[in-house]
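Asker: What follows is a single structure, and I will ask about it in a moment.
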Amino acid sequence: MQQEEYRRIIKTHLRSAYLLSDARINEVLPRFLETLEILVSDLEKLSGSGNIEEINRTGHAIKGALLNLGLQQLAEKAYALEHYKTLQNQEAGAVQLITDLKKEIYKISREP
């Protein structure tokens with residue numbers, strides 16, 4: 001998905017779910033996106049740590065942030081991280097999920 005499509009989905013969701021005006025959306029959206037970038041950065045740092053509980057918690061926080069923006073498909077990837085019970089023999093899968101989330105979140109939040 002391209003940045004324009006993500007932004008359209010987010011704005012439509014924020015208008016309908018939270019009754020925000022376009023001006024208010026333009027005001028709050030950069031903070032939402034900055035928070036997502038910080039969470040993904042935290043998740044990246046955790047990926048090699050083996051700290052499953054923190055990875056689960058951070059995945060949960062990312063999932064909630066994505067759902068608040070109406071990004072269901074991306075939230076499903078974060079859900080998978082939230083529910084990683086063990087990273088033994090699964091770390092490559094977790095790293096791939098983190099990489100995918102980072103790529104898509106940066107696609108939304110960074111200027112083209």
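Asker: Can you go through 39, 66, 33 and tell me which one is under 15 Å from residue 103 (Cα atoms), surrounded by 15 or more Cβ atoms within 10 Å (Cβ to Cβ) and either modelled with pLDDT of 95 or more or of a type in the set (Phe, Trp, Tyr) (or both)?
Answerer: Details: 39 fails: either modelled with pLDDT of 95 or more or of a type in the set (Phe, Trp, Tyr) (or both); 33 fails: either modelled with pLDDT of 95 or more or of a type in the set (Phe, Trp, Tyr) (or both).
When all the criteria are applied, what remains is 66.
Asker: With the requirement that a residue be in a loop (DSSP other than H, G, I, E, B) and at pLDDT below 95, what does the range 1-30 give you?
Answerer: Keep residues of the range 1-30 that are in a loop (DSSP other than H, G, I, E, B), which gives 1-2, 19-21.
Those that are in a loop (DSSP other than H, G, I, E, B) and at pLDDT below 95: 1, 2.
Asker: Okay, moving on. Identify all residues within the range 28-61 that are touching an Asp or Glu at 6+ places or on another chain (Cβ under 8 Å) and among the β-branched types (Val, Ile, Thr); write none if there are none.
Answerer: 58
Asker: Restricting to the range 10-29, name every residue that is over 17 Å from residue 101 (Cα atoms) and either touching a residue at least 12 places away in the same chain (Cβ under 8 Å) or among the aliphatic types (A, V, I, L, M) (or both).
Answerer: From the range 10-29, those over 17 Å from residue 101 (Cα atoms) are 11-29; that's our starting set.
Within the range 10-29, 11, 12, 13, 14, 17, 19, 20, 23, 25, 28, 29 meet the criteria.
Asker: If you take the residues in the range 42-63 that are among the charged types (D, E, K, R) and without any contact (Cβ under 8 Å) to a residue 40 or more places away in the chain, which one is surrounded by the fewest Cβ atoms within 10 Å (Cβ to Cβ)? It would help to see each step written out before you state the result.
Answerer: Within the range 42-63, the first condition is being among the charged types (D, E, K, R), and the residues that meet it are 42, 44-45, 53-54, 57, 63.
Checking which are without any contact (Cβ under 8 Å) to a residue 40 or more places away in the chain leaves us with 42, 45, 53-54, 57, 63.
Numbers: 42: 16, 45: 12, 53: 8, 54: 14, 57: 16, 63: 23.
Once the filter is applied, the top-ranked residue is 53.
Matching residues to (1) under 18 Å from residue 106 (Cα atoms); (2) part of a helix (DSSP H, G or I); (3) touching a helix residue (DSSP H, G or I) at 6+ places or on another chain (Cβ under 9 Å):
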{"site": "33", "(1), (2), (3)": "yes, yes, yes"}
{"site": "41", "(1), (2), (3)": "yes, yes, yes"}
{"site": "45", "(1), (2), (3)": "yes, yes, no"}
{"site": "49", "(1), (2), (3)": "no, no, yes"}
{"site": "67", "(1), (2), (3)": "yes, yes, yes"}
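Asker: Now for a separate question. Run residue 55 past the list (1) at pLDDT 90 or above; (2) in a helix (DSSP H, G or I) and report the number of the one that doesn't hold.
Answerer: Result: residue 55 passes all but (1).
The values are calculated or read from the model by the stated rules, or taken from the named source; none is laboratory data. Predicted, not measured: the structure shown is a model, and the values here were computed from it. Note that we place each Cβ from the backbone using ideal geometry, even for glycine, and neighbour counts take in every protein chain shown.
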